[in-house]
Amino acid sequence: MWRGAVGRLLRGSVAGSPRAASGSAAAQLRRRLESELEDIRGAGTWKSERIIASRQGPHLHLEGGGAGILNFCANNYLGLSSHPEVIRASVEALEKFGAGLSSVRFICGTQSIHKDLEEKIARFHQREDAILYASCFDANAGIFEALLTPEDAVLSDELNHASIIDGIRLCKANKYRYKHMDMQDLEAKLQDAQKHRLRLVATDGAFSMDGDIAPLREICQLAQKYDALVFIDECHATGFLGPNGRGTDELLGVMDKVAIINSTLGKALGGAAGGYTTGPKPLIDLLRQRSRPYLFSNSLPPAVVGCASKALDLLMESNAIAQSMAAKTQRFRSKMTAAGFTISGKDHPICPVMLGDARLAAVMAEDMLNRG
Ligand code: PLP
C-alpha cells in the first residue's frame, strides 16, 4: 500500500482528486531526486549491486554468468558464514525455535537461546553481561542516548563509523570530535571536558575505511589520566584480532581498561546479522530498560542466533581459526606492495588498494570482475 501510494505520488498521478495540488510538489520532488541521482552517476560514485547466486565465500557465482569469481571484499573474515557447523546450528535452531518471535524481547520475545548467546558473548569478551540487538548499527544507535545526559561528555574520533556518529547525534551529552587517532587533540578535548560529570571516549577499534587500528593503549592511558571511560566498536576486530580473536583490546593488552564494547554478529561471527553491547552489568540492565532500538524492535531470529552461537563456540574451542587471519593478511599486503600497489592501514585484513581516484577505482573493479 505504502509503495503504491509513493509510486503514485512520484508519478504525480493524483489528478482529479482533492490532493491534485500536491501534484506539483510530487513533480518537484521527482525532478530533485533525479538530479541528485544524476550527480552521483556523474561523480562516478554510483554504487551498483552485483547479485550473488551462491553462498558467501572466497569463490562466488554471480547471477547472469560469472562463475568462480575470486572474492576479496566481504567482511567474512574467518570464512564462518558458510562453515558447515555454523549452517547446521542455524538449521537446528530454526527447527527447534521457529522462524521468529513476532515480538520485541521484553514483551514476548526472549528465548533460552537469546540468553545463552548473551552469556556466551560476555564470556568471550570477559565482561559481566551482554545485550543483543538486531544489528550493531542499532547497538550504536541505542547506547549513547541511554547512557549519557546533558551533564556528560562524549569524545569521538572524527572518522568513527556512521552508526556511532548517528548514535551520538541522538544523545544530549556535550559532544567533542577529536582528530583521527590524534592523541594530542584527544588530550586537549579531555582537558576541556573535565567540567562535565562523566567523559566517554568513543572509537572504532579498527577503522573500516583504511584498516587502521586505534591506538588503544594511549587512549586508555589518557582516559585513566582524565578519569574517562572508553567505548570501542569492534565490528572489524571481533573474532580475529589478538591472540585469541577477542579484538583490539586483546591485541593491544588493554582488555581490563576498555569499559564498553559494541560489535556485530554480521561479519566474522557467522555473518548472518545482529549486534551487541557487552560491559558492566548495570549498564546492560539499563540498556534493557532504556535503549530504544532494543525496546522497540523485533528479537533476533533463532536461525541467526544459532549461527552466531556456533561461531563463538568454534572460536572459544581453539584459537586456530582466529590465528589463520594474520598470516593471510601479511601475505596479501606484502605481495601487493611488491607488485607496486599502495595499501593503506597496517596489519589489518582490510587492505585498501589506493588508486587515488574514485572513478578509476570503479573502472578497475569492473575490469577485475571481467577477469574473474
Ligand atoms: N560499526 C562498524 C565499524 C561497521 O563497520 C558496521 C558495519 O558495516 C557497523 C557498525 C554496523 O554493523 P551491523 O551491520 O551489524 O549493523
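The values are calculated or read from the model by the stated rules, or taken from the named source; none is laboratory data. Small disclaimer: the values here were computed from a predicted structure and weren't measured. Using ideal geometry, Cβ is built from the backbone for each residue, glycine included, and neighbour counts are taken over all protein chains shown. These area figures cover heavy atoms from the full protein model, side chains too; ligands, DNA and RNA do not enter into them. Shrake-Rupley method; radii C 1.70, N 1.55, O 1.52, S 1.80 Å.
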Counting other Cβ atoms within 10 Å, keep those with at most 13, restrict to DSSP loop, and tell me which chymotrypsin sites (Phe, Trp or Tyr not before Pro) in region 127-236 are left. none
Taking the alpha-carbon centroid of each part, what is the distance from region 110-128 to region 48-99 in angstrom? 25 Å
Which shape class applies to region 84-317: rounded if a/c is under 1.5, otherwise prolate when a/b exceeds b/c and oblate if not, where a ≥ b ≥ c are the square roots of the Cα gyration tensor eigenvalues? prolate
How large is Rg/Rh for region 159-208, to two decimals, with Cα atoms and a Kirkwood Rh? 0.95
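Using just the Cα positions, wrap region 80-158 in a convex hull and report its mean projected area in square nanometres, one decimal place.
Details: hull surface 32.4 nm².
Across all orientations, region 80-158 yields a mean hull projection of 8.1 nm².
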Reported to the nearest 10 Å², R50 has, with a 1.4 Å probe, an accessible area equal to 110 Å²
Any chance you could check the Cα centroid distance between region 307-369 and region 249-303 for me, in angstrom? 25 Å
Fraction of accessible area attributable to carbon and sulfur, region 84-317 (%, probe 1.4 Å): 52 percent
Give the ranking of L198, L312 by solvent-accessible surface, highest area first, calculated with a 1.4 Å probe. L198, L312
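Which pairs, out of K257/K335; K225/K281; K96/K328; K172/K267; K115/K267; K195/K257, put more than 28 Å between their alpha-carbon atoms?
The answer is K257/K335; K96/K328; K172/K267.
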Quickly work out the D227-to-A361 label distance, labels modelled 7 Å from Cα along the C-beta direction, and quote it in nm with one decimal. 4.3 nm
Under the rule a/c < 1.5 gives rounded, and otherwise a/b versus b/c splits prolate from oblate, where does region 299-370 land using the Cα gyration tensor? oblate
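Ignoring everything except DSSP H segments at least 4 long, calculate the 222 nm mean residue ellipticity for the chain; use -39,500 (n - 2.57) per segment, divide by total residues, nearest 500.
Rounded to the nearest 500, the figure is -14000 deg cm²/dmol.
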Which residue, S344, S102, S90, has the most motion in a Gaussian network model of the chain that connects Cα atoms within less than 10 Å? S102
Among rounded, prolate and oblate, which fits region 35-171 when a ≥ b ≥ c are the square roots of the eigenvalues of its C-alpha gyration tensor, a/c under 1.5 means rounded, and a/b larger than b/c means prolate? oblate
How would I131, I87 rank on accessible area, largest to smallest, probe 1.4 Å? I87, I131
